Amino acid sequence: MAPPRAHPFMPNSAAAVKAALLGELGLADAEPLFAQIPAAHRLTALPQLPPALSSEVALSRHLHGLLNRNRPAADGLSFLGGGIWQHHVPAVVDEIVGRAEFLTPVWGTPSSDFGRNQVWWEFTSQLGALLSLELVGLPVYSWGAAAGHAFRMAARLTGRTRIILPAAISPERLAVIRGYAESADPAMRLDLVLAPCDAIGRLDVATVAALADTQTAAIYYENPAYLGGLETGAAELAAIAARVGAETIAGVDPLTLGVIAPPGDLGVDIAVGTIQTLGVHMHAGGGLGGFIATRDDPRYAAEYPTLLNSLTTTVDGQLAFGLMLFHQSSYGSRELGKDWTGNSTYLWAVAAATYMALLGPAGFAEVGRLILARTRLAAETLAGVPGISVTSGPIFREVMIDVSATGRSVASINQALLDRHGIFGGIEIDSHRALFAVTECHDEADIARLGQALREVLA
């Protein structure tokens, strides 16, 4: 049989080249190189692909056909949330992000960075001021990824593997965290202990106190919680962690920090969270990015998997922005780094830096107060709909409703809202509970429209 033809765009695909590479490795074939990939994850036959498109015109038509099947949240009235929210993105943010010096260079040398290191420094500095923590890394893939990295940081710092975290957590975020916990390296496998929460997602402090012991690496809470609750036991949770020698890790949405206390003032050791709320569009569910922040302590700095940006001076006394502790990242040491990180969300650091600079402290306070007011109005409005009950308590942005008394499922109600009123309903928690998110993008008329639409759907 003639050897397969070398692929014109694939390096090292020629038979002679592959043979030379295998010879250098002392292998007869490439199979041992892929042995670590589980059989269930390996392709055993070529996929059945549709016929190749014949032209750029056909490709364009095909892609537009796929895109037109989407129903963007912005085209209707959206109350989706639970991890990706429809917050207002000022036009200047898109203008800055779209500039060629930021949009097109994925990576580069210092001579080709075009001010990017300075913007990254501004991002970390502004976010650190919001969090009341001094050290902030460049963003990782998502909130879940940031939490997973932070848990592994805590494990390395304490030499322990048990993590206590809320049972009421985003399923998507928990799935990512489990991926970090179930490491291929036995030494890095984490024991996740899901602690009970109240109706609005806040950890049961007494249960956490009973669970925490000398095997606990970290206690993790979220503020606001996934179900909207504002955590009132943060100081107690930090005290419990300190008592057993564990790290306190908080999951935070920075947009809330104009109205609630920052984690650095509550005894938190490591803060993680999202940057999607800082000027990043929903992007069909893909506008993600997460941060990790700590005190400016060498113990923590030495465990960061992310790139760290700093300000220094050149030999002739000029200010310079650059990277520090590069060697401990996967960029510097590959698989020997502290953990794996990537640059897929660095553009969102530019967006977030622009957004934070635009709002300033007064702007964050204004947005926070507005969302609090809108959340209260939405809770009152939804509670007034026959058959719907609303979970009470101090909440921010997310309103939990229960539709059990209607005899309808959340899925059927949401479908009717969309089909009959052009309204995207809340995230389905289960068949009878849903989480409706209210942001500064919703005014009183929007909330009233939702209430009236629910009355009509449930009539």
- Query: Out of 342, 278, 314, whose Cα points farthest toward the positive end of the dipole of the stretch 91-355 (charges: +1 Lys, Arg; -1 Asp, Glu; placed on Cβ)?
  - Reply: 342
- Would you kindly compute the Cα radius of gyration of the stretch 31-151 and its largest Cα-Cα separation (Dmax), both in Å? 21.5, 56
- Item | Relative contact order of the chain, pairs being alpha-carbon contacts under 8 Å that are 6 or more residues apart, as % | 19
- Item | Beta bridges per DSSP with both ends in the stretch 92-222, % antiparallel, nearest 5 | 10
- Query: Of all DSSP beta bridges in the chain, what percent run antiparallel (nearest 5)?
  - Reply: 55
- Query: Projected area of the stretch 207-338, taken from the Cα convex hull and averaged over every viewing direction, in nm²?
  - Reply: 11.5
- Task: Quick one: grab the alpha carbon gyration tensor of the stretch 16-62, order the square roots of its eigenvalues as a ≥ b ≥ c, and give me rounded if a/c is under 1.5, else prolate or oblate depending on whether a/b is larger than b/c.
- Result: oblate
- Please provide three numbers in whole Å: the alpha-carbon extents of the stretch 91-355 along the principal axes, with the largest listed first. 56, 39, 33
- Of the DSSP beta bridges with both residues in the stretch 152-294, give the percent that are antiparallel, rounding to the nearest 5. 25
- Near residue 89, within a Cβ-to-Cβ distance under 14 Å, what is the net charge of the other residues, with Lys and Arg +1 and Asp and Glu -1? -3
- Item | Alpha-carbon centroids, the stretch 335-411 and the stretch 233-266: separation in whole Å | 19
- Kindly put 10, 153 in sequence by how many other C-beta atoms sit within 10 Å of each C-beta, fewest to most. 10, 153
- Enumerate the helices in the chain for which the Kyte-Doolittle hydropathy averages 0.5 or more and the C-alpha atoms extend at least 24 Å along the helix's axis, using complete DSSP H runs. 346-383
- Query: Across all directions of projection, what mean area in square nanometres is found for the Cα convex hull of the chain?
  - Reply: 28.1
- Query: Rounded, prolate or oblate: which fits the stretch 120-186 when a ≥ b ≥ c are the square roots of the eigenvalues of the alpha-carbon gyration tensor, with rounded for a/c under 1.5 and prolate only if a/b beats b/c?
  - Reply: prolate
- What is the fewest-to-most order of 338, 18 by other Cβ atoms lying within 10 Å of their Cβ? 18, 338
- Item | Alpha carbon Rg of the stretch 348-451, scaled by the compact-globule rule 2.2 N^0.38 Å | 1.22
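Taken together, the values in this text are just the output of simple stated rules run on the coordinates, not laboratory data. These numbers were taken from a predicted model, which means no experiment stands behind them. In this analysis, Cβ positions are derived from the backbone assuming ideal geometry, glycine residues included, and neighbour counts consider all displayed protein chains.
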